[in-house]
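A.B. asks: Just passing along the structure, written as structure tokens.
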Amino acid sequence: MRAAPPDRYKWIALSNATLAVLLATLDGSITIIAMPDIFRGIHLDPLVPANSFYLLWMILGYLVVTSVLIVSLGRLGDMVGRVKIYNLGFVIYTVASLLLALDWMQGRNGAVYLIVMRLVQGVGGACLLANAAAIITDAFPSHQRGMALGINNIVGVSGTFIGLVLGGILAPIDWRLVFLVSVPVGIFGTVWAYVGLRELSTPRKAPIDWAGNLAFALGLILLMTAVTFGIRPAGGHAIGWGSPRVLGLLAASVACLVAFVIVERRSADPMFRLPLFAIRAFTFGTLSTFLSSVARGGLMFMLIIWLQGIWLPQHGYDFTQTPLWAGIYMLPLTVGLLIAGPTSGYFSDRFGARPFATAGMVLTAVGFGLLMLLPTDFSYPVFGAILLLIGASMGLFASPNRAAVMNSLPRGDRGAGGAMNQTFQNSAQVLSIGIFFTLMIIGLSATLPHTLSAGLQAHGVDAATAHQVATLPPVSILFAAFLGYNPIQHLLGPHALMALSAHDQAALTGNSFFPALISEPFRSGLHAAFLFAIVACLVAAAASLMRGARTVDEDDLRPAPIPSRRPTAEPEEQHAG
């Protein structure tokens, strides 16, 4: 029998850690919808090719930092105390949020300031994400962790979609509110964490693996930088994956990661606990996490472009209104996650994670398949029902899978092991964005130039201008739709528009020309992206099926650091030695 922590404390730990994860994940998406207002506020045009660097790093910089640092900070939590690193994360995150709202600079200097502060904010978010799951796992007995981690994980995933709506509401009022809204919540969470949380783990002093940390950080940074350059045009091509710069970055990334593995195998106190992969439930659970994140990561971007660039304008919404309404129309995803996540976590405590997680991935693949069957101009009730199915399916997978991974870990390695799992998840999201955008750009490149040129000339644009606009990189049109700009108005410019009749001006800049023009090219790119997601989901389902029976580390059968008021019997479970 295991002594459980006092009932009151475990709920304090869960609620505080869930608030932290909500803030950390919400901030990864709240800026996406707010980008047009942020760039207008600092007087910088994000669609100018020279400025695409600032746009991409404003979106991806936070994710890159959290991906790079989570394992190091989780391992550090095992060494000096998880609560200590977690509390420090709240402080860093809150201060960075305040500094983001105080940007006084304009143009590229203002953009650089925001990117740097986003990176600092990402350090705080990494401290929180690296240790939140371990703090919850320490506080709850193994037969309740599915429910607890289910709530925490699903609120975190939902934060990604909630951020879209919140950003759409706050940014039109004042773009600074997008960052300022986190400050009072962060202050409350910081004080609450310092007062209410206590260390249940036993810190194990060990030397810091500087060589491993450096090799891992460089490898991931180079890889993710390659992704940001890979989806931009280079050398006359629509994408830059074959450019010397990207190939060089990828080669250097592989070299650093190979060096990292060599260093970790020889280190007495490695940052990345490679022996944990000997635990079957951890290995296949983490593989499932990675593949599910690859499938899910680009979904949000594809849905935003679909709604903002095509469907919402076709249904009477002005382009400037589409960011907010795209977030609202995607809410069925969040509803499905919130319903299925805690429920599946509760039942996985009773029946194990494998059936729920595997079924969740299979049903997610079905959802992607149903999206492929929809016409570009769909009926919203059908679209909303499919999003609800995908959200519920992701919730069905995420909670049991996270609980199974954490249950399989020895008590002393929960910080590092949980952070390793989170790193695979965050890294997969960045890779997924690169893969989805690449597939979409390839699909658009095949037919969009001819379609766009013919459509512009049919409305009075001279052949030379039409050809010049049509041969612009497809990523420019994707970014315009993604940011809620009217792409044709922006790409043609005021001088070309003034040369046209009033009728042609109205037709080209209205709500129907661009959506009708891009529908078919977009559909082919979308199908390629969703087909890739289906394959990733099915492979994730296969990995989940191979995780084995329910596994709980034998440390959980030993006395916990804090005595219980009353002992509770544990159900019989398979042990991971």
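The values are calculated or read from the model by the stated rules, or taken from the named source; none is laboratory data. Note that the coordinates shown come from a computational prediction; the quantities given were computed from them, not determined experimentally. All Cβ positions, glycine included, derive from the backbone under ideal geometry; neighbour counts span all protein chains shown. Ligands, DNA and RNA are excluded from the accessible area calculation, which covers all protein heavy atoms including side chains. Shrake-Rupley method; radii C 1.70, N 1.55, O 1.52, S 1.80 Å.
A.B. asks: Just order 475-486, 503-514 by mean Cβ neighbour count inside 10 Å, highest at the front, would you?
C.D. replies: The peptides rank, most packed first, as 475-486, 503-514.
A.B. asks: Can I ask one more? So how do Val195, Val263, Val461 rank on accessible area, 1.4 Å probe, biggest first, that is with the largest at the start?
C.D. replies: Val195, Val263, Val461
A.B. asks: Which FRET efficiency value, to the nearest 0.05, is calculated for Ser15 and Met546 with the Förster distance at 41 angstrom and r the Cβ-Cβ distance? All intermediate terms of the calculation are to be shown ahead of the outcome.
C.D. replies: On the way: r = 34 Å, r/R0 = 0.84.
Plugging the Cβ-Cβ distance into 1/(1 + (r/R0)^6) gives 0.75.
A.B. asks: Ok, one more. Could you report the accessible area of Ser142 in Å², rounded to 10, computed with a 1.4 Å probe on the protein chains as they sit in the structure?
C.D. replies: 0
A.B. asks: Over segment 469-529, average the accessible area per residue using a 1.4 Å probe and give it in Å², no decimals.
C.D. replies: Solvent-accessible surface per residue comes out at 37 Å².
A.B. asks: Can you pull the percent of the chain's accessible area that's carbon plus sulfur, 1.4 Å probe, other chains left in place?
C.D. replies: 70
A.B. asks: R0 = 22 Å: FRET efficiency of Asp462 with Ser501, Cβ-based, nearest 0.05? If you can, show how the numbers build up before the last one.
C.D. replies: Details: r = 13 Å, r/R0 = 0.60.
Efficiency computed from Cβ-Cβ geometry: 0.95.
A.B. asks: Using packing as a proxy for protection, rank 69-79, 365-375 so that the peptide with the highest average count of other Cβ atoms within 10 Å comes first.
C.D. replies: 69-79, 365-375
A.B. asks: Return one whole number: the accessible area per residue of segment 1-86 in Å², for a 1.4 Å probe.
C.D. replies: Per residue, segment 1-86 has an accessible area of 26 Å².
A.B. asks: Given labels modelled 7 Å from the Cα in the Cβ direction, how far is it in nm from Val195 to Leu214?
C.D. replies: 4.4
A.B. asks: Further, regarding this structure: What relative contact order, as a whole-number percentage, does the chain give when Cα pairs under 8 Å and 6 or more residues apart are counted?
C.D. replies: 24
A.B. asks: Rounded, prolate or oblate: pick one for segment 118-234, where a ≥ b ≥ c are the square roots of the eigenvalues of its C-alpha gyration tensor, a/c under 1.5 means rounded, and failing that, prolate if a/b is larger than b/c, else oblate.
C.D. replies: oblate
A.B. asks: Let me ask something else about it. Note down the net charge around Ile239, summing +1 for each Lys or Arg and -1 for each Asp or Glu among other residues with Cβ under 13 Å from its Cβ.
C.D. replies: Surrounding charge for Ile239 is +2.
A.B. asks: Ignoring ligands and nucleic acids, what accessible area does Glu199 show with a 1.4 Å probe (Å², nearest 10)?
C.D. replies: Here the accessible area works out near 70 Å².
A.B. asks: Using +1 on the beta carbon of Lys and Arg, -1 on that of Asp and Glu, and nothing else charged, what's the dipole of the chain about the Cα centre, debye to 20?
C.D. replies: Value, rounded to 20: 1380 debye.
A.B. asks: Using Cα pairs closer than 8 Å and at least 6 residues apart in sequence, work out the relative contact order for segment 1-88, in percent.
C.D. replies: It comes to 17 percent, rounded to a whole number.
A.B. asks: For segment 289-354 and segment 452-509, what is the separation of their C-alpha centers, rounded to whole Å?
C.D. replies: 31
A.B. asks: Separate question: Any idea how far the Cα center of segment 407-423 sits from the one of segment 189-265, in Å?
C.D. replies: Between the Cα centre of segment 407-423 and that of segment 189-265, the gap is 18 Å.
A.B. asks: Which one, Val539, Pro36, Leu200, is farthest towards the positive end of the dipole of the chain when Lys and Arg carry +1 and Asp and Glu -1 on their Cβ?
C.D. replies: Looking along the dipole axis, the top candidate is Leu200.
A.B. asks: Using a probe radius of 1.4 Å on heavy atoms only, what accessible surface per residue do you get for segment 347-397? Whole Å² is fine.
C.D. replies: Accessible surface, normalised per residue, equals 38 Å².
A.B. asks: Right, here's the next one. Highest mean first, how do 352-361, 203-212, 433-442 rank when packing is the count of other Cβ atoms within 10 Å averaged over residues? Intermediate results must be reported in sequence, preceding the final value.
C.D. replies: Numbers: 352-361: 25.1, 203-212: 14.5, 433-442: 23.2.
So the peptides 352-361, 203-212, 433-442, ranked by packing, come out 352-361, 433-442, 203-212.
A.B. asks: Okay, next question. Under a point spin-label approximation (7 Å from Cα along Cα-to-Cβ), what is the Ala528-Tyr380 distance to one decimal in nm?
C.D. replies: My value for the distance between the label points is 3.1 nm.
A.B. asks: Computed FRET efficiency, Cβ-Cβ of His315 and Asp45, R0 22 Å: what is it to the nearest 0.05?
C.D. replies: Plugging the Cβ-Cβ distance into 1/(1 + (r/R0)^6) gives 0.20.
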